[in-house]
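The values are calculated or read from the model by the stated rules, or taken from the named source; none is laboratory data. Because the structure is a prediction, the values reported are computed rather than measured. Methodologically, a virtual Cβ is constructed for each residue, glycine included, from the backbone with ideal geometry; neighbour enumeration extends over all protein chains shown. Just so you know, the surface numbers come from the protein's heavy atoms only, side chains and all, with ligands and any DNA or RNA stripped out. Shrake-Rupley method; radii C 1.70, N 1.55, O 1.52, S 1.80 Å.
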Amino acid sequence: MKRRGHSVNPVDKNVLENKERELSDADHRILGQHLGLFSISEDVGAGLVLWHPKGTTVRNLIRDFWEEEHLKNGYQLVCTPHIAREELWRISGHLDYYRENMYVFSKDGEGYVVKPMNCPFHVQIFKARPRSYKELPIRYAEWGTVYRYERSGTLHGLLRVRGFTQDDAHIFCTAEQVENEILSLLDFTERVLEKFGFTEYRVNLSTRDPQQPEKYMGSEQEWHHAQNALANALKKKKTTYNEMLGEAVFYGPKIDLNIVDAAGREWQCTTIQFDFNLSKRFNITYVGADGKEHEIVMIHRALLGAIERFFAILTEHCRGNFPVWLAPTQVAVLPVSTVFVRYAEEVHRELLAQGVRSELDNSTSTISYKIRQAETQKIPYMAICGKNETELKKIAVRKHGLGNIGLLTVQELVHNIKQEDKP
Ligand SMILES: [Zn+2]
């Protein structure tokens, strides 16, 4: 029986390849240090990530976008604790089959677990009161930070860590609603991934091995219905997919979506997974139109997967050249010499006031050095302030990788940035 947690990524072929390949300029660990995005400290512990201000900016921008999209798509945001009593994990089954990956401790004679998953918490919110069919589907979403023990030999930059945040959600719906849910979930996934520049991916549908029904939780009928719903949704979308017979975990079939990055590497990020186990263990039901209790269908899903891992993939995909909407610094304001610092300050303040992430370089370095610095920091725009610009109340704008794009007003630059921000 496969006893893996639903959102544990299989050991990535890519991770292993990464280990073997030399540290290149495009490696997220090098970029992370060079661009001041994150670090990992021995004193804190292996596989535990410290997000620096610039990395935090990118991370928060991803989250803001993600939350906004989820609200638009009928999700409700929830927030749950980092630890819970052992009892919760006994009911969920994790204590039996996932213990070696969990951080367990006790206080006042009572056992606690640092959460390796968010699911049982979302279940508790659902179960806080009786639910009617009229409320369904209910979709709870959370950037839930979880901790899982991984052997130190398997840890790798942000790609494999011990503490990470999942862009997690759980959908509770009726059997009749499943197919539509999956279909709109696939559309939603596509739109979200596209925003990050991922337009190519491969899809795997993991189904059960019909020769070994004893390996799986849930009835024949449940499996049949769930597998059909997944396959039908993929067919309706005209998505080509591989059926992975016998690859389903014991508690339900799933769809995995592997994104293809700029270097042609595949990364499994999105998972849409049925769960016949938790819904039964926690006895999750709703009251139907007939006034009777019915079993719920529970679906786990993560679109980006682990944020740390997604961030590593994204950073390598764009080689640290984040799109303008995600760039930690969007504009570097560069006075040609100390004489023009005052005007540069004015420009910098105006940009900030307009909601642009601006940085002022008021050092005494030469302008060519400042430009080089901004280039290596991969800042999308530079606003150069010299004599001419000060007199005309304009800025000489350079774009990363393109060079000079002309003399603009601050307002014009702001407009350009906002235009680029749009999907
Ligand atoms: Zn879950």
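If you place +1 on the Cβ of every Lys and Arg, -1 on the Cβ of every Asp and Glu, and leave all else neutral, what size is the dipole of region 113-193 about its Cα centre, to the nearest 20 Debye? List each step's numbers first, then the result.
Numbers: 11 positive and 10 negative charges, 104 e Å.
Value, rounded to 20: 500 debye.
Give me the number: length gained by fully extending Gln212 to Ser39, i.e. 0.36 nm times residue separation minus the C-alpha to C-alpha distance, one decimal in nm.
Values: separation 173, 0.36 × 173 = 62.28 nm, distance 4.58 nm.
Stretched fully, the Gln212-Ser39 segment lengthens by 57.7 nm.
Counting only the backbone N, which residues of region 113-138 are under 15 Å from the spot 7 Å out from the Cα of Arg90 toward its beta-carbon?
It comes to 113, nothing else.
In whole angstrom, note down how far apart the Cα centers of region 366-423 and region 139-187 are.
What the calculation gives is 39 Å, centre to centre.
Dipole size in debye (nearest 20) for the chain around its Cα centre, Lys and Arg Cβ +1, Asp and Glu Cβ -1? Present the calculation step by step, with values, prior to reporting the outcome.
Working: 55 positive and 56 negative charges, 61 e Å.
Roughly 300 debye, rounded to the nearest 20.
What number comes out for accessible area per residue over the chain if the probe is 1.4 Å? Units Å², please.
Details: 19470 Å² over 423 residues.
Computed with neighbouring chains in place, this is 46 Å² per residue.
Which shape class, rounded, prolate or oblate, goes with region 344-408 when its Cα gyration tensor gives a ≥ b ≥ c as root eigenvalues, a/c under 1.5 marks rounded, and past that a/b bigger than b/c marks prolate? Mind dumping the intermediate values first?
On the way: a/c = 1.30, a/b = 1.18, b/c = 1.10.
Rounded, since a/c falls under 1.5.
Over region 167-260, what is the mean sequence separation of C-alpha contacts under 8 Å (at least six apart), divided by residue count, expressed as relative contact order in percent? Provide the component values of the computation, followed by the final result.
Working: 110 pairs, mean separation 41.2, N = 94.
RCO, region 167-260: 44 percent.
Could you give the alpha-carbon Rg of the chain over 2.2 N^0.38 Å, rounded to two decimals?
On the way: Rg = 24.7 Å, N = 423, 2.2 N^0.38 = 21.9 Å.
Dividing the Cα radius of gyration by 2.2 N^0.38 Å gives 1.13.
Find the centroid of the Cα atoms in region 42-87 and in region 231-258, then give the distance between the two in whole Å.
27 Å
Ignoring any ligand, DNA or RNA, what whole percent of the accessible area of the chain comes from carbon and sulfur when the probe is 1.4 angstrom? Numbers along the way, then the final one.
Numbers: 9500 of 19470 Å².
Roughly 49 percent of what the probe reaches on the chain is carbon or sulfur.
Set Lys and Arg Cβ to +1 and Asp and Glu Cβ to -1, take the dipole of the chain about its Cα centre, and tell me which of Leu257, Ser39, Leu234 lies farthest positive.
Ser39
Determine ³J(HN,Hα), in whole Hz, for all residues of region 113-120 in sequence, where each value follows from phi through the Karplus function 6.51 cos²θ - 1.76 cosθ + 1.60 and θ = phi - 60°; x replaces Gly and Pro.
So the J values, rounded to whole Hz, are 10, 6, 5, x, 8, 9, 3, x.
Find the relative contact order for the chain and round it to a whole percent, using C-alpha pairs within less than 8 Å whose residues are 6+ positions apart. Kindly include the intermediate steps, with their values, before the conclusion.
Working: 732 pairs, mean separation 63.0, N = 423.
Normalised by residue count, the contact order of the chain is 15 percent.
Which of the three applies to region 29-106, rounded, prolate or oblate, going by the alpha-carbon gyration tensor with a ≥ b ≥ c and a/c under 1.5 meaning rounded? Mind dumping the intermediate values first?
On the way: a/c = 3.12, a/b = 1.25, b/c = 2.49.
Oblate is the answer for region 29-106, as a/c is 1.5 or above yet b/c matches or exceeds a/b.
Can you show me the helix-derived [θ] at 222 nm for the chain, built from DSSP H runs with n ≥ 4 at -39,500 (n - 2.57) apiece and divided by the number of residues, rounded to the nearest 500.
Per the formula, -10500 deg cm²/dmol.
May I have the extent of the alpha carbons of region 116-187 along their three principal axes, as whole Å values ordered from largest to smallest?
Ordered largest first, region 116-187 gives principal extents of 48, 30, 17 Å.
Taking H placed 1.01 Å from N in the peptide plane, check which residues at least 5 places from Tyr103 or on another chain put their amide H under 5 Å from its amide H.
Amide H to amide H, under 5 Å and 5 or more residues apart or across chains, Tyr103 pairs with Val114, Tyr149.
How high is the relative contact order of region 289-423, in percent, with contacts defined as C-alpha pairs under 8 Å that are six or more residues apart?
Values: 167 pairs, mean separation 29.8, N = 135.
It rounds to 22 percent for region 289-423.
Amide H to amide H under 5 Å from Leu245: which residues, 5+ apart in sequence or cross-chain, H placed 1.01 Å off N in plane?
Thr207
Would you pull out the residues with amide H under 5 Å of Val49's amide H, same chain only if 5 or more places away, H placed 1.01 Å from N?
Residues meeting the amide H criterion: Gly163.
From the phi angles alone, apply the Karplus equation (6.51, -1.76, 1.60; θ = phi - 60°) to region 143-151 and give each ³J(HN,Hα) in whole Hz, x where the residue is Gly or Pro.
7, x, 8, 10, 10, 9, 6, 10, 4
Need one word for region 91-152: rounded, prolate or oblate. Basis is the Cα gyration tensor (sqrt eigenvalues a ≥ b ≥ c); a/c below 1.5 gives rounded, then a/b vs b/c decides.
On the way: a/c = 2.71, a/b = 1.91, b/c = 1.42.
It comes out prolate by the Cα gyration axes.
Please name which of Ile367, Thr199, Gly144 has its Cα lying farthest along the dipole of the chain towards the positive end, using unit charges on Cβ (Lys, Arg +1; Asp, Glu -1) and the Cα centre as origin.
Highest projection toward the positive end goes to Ile367.
Out of all DSSP beta bridges with both ends in the chain, state the antiparallel percent to the nearest 5.
Details: 59 of 75 bridges.
Given both bridge residues lie in the chain, the antiparallel proportion sits at roughly 80 percent.
Using each residue's phi in region 226-234, evaluate 6.51 cos²θ - 1.76 cosθ + 1.60 at θ = phi - 60° and report the 3J(HN,Hα) Karplus result to the nearest Hz, with x for Gly and Pro.
Residue by residue, region 226-234 yields 5, 5, 5, 4, 5, 5, 5, 4, 5 Hz.
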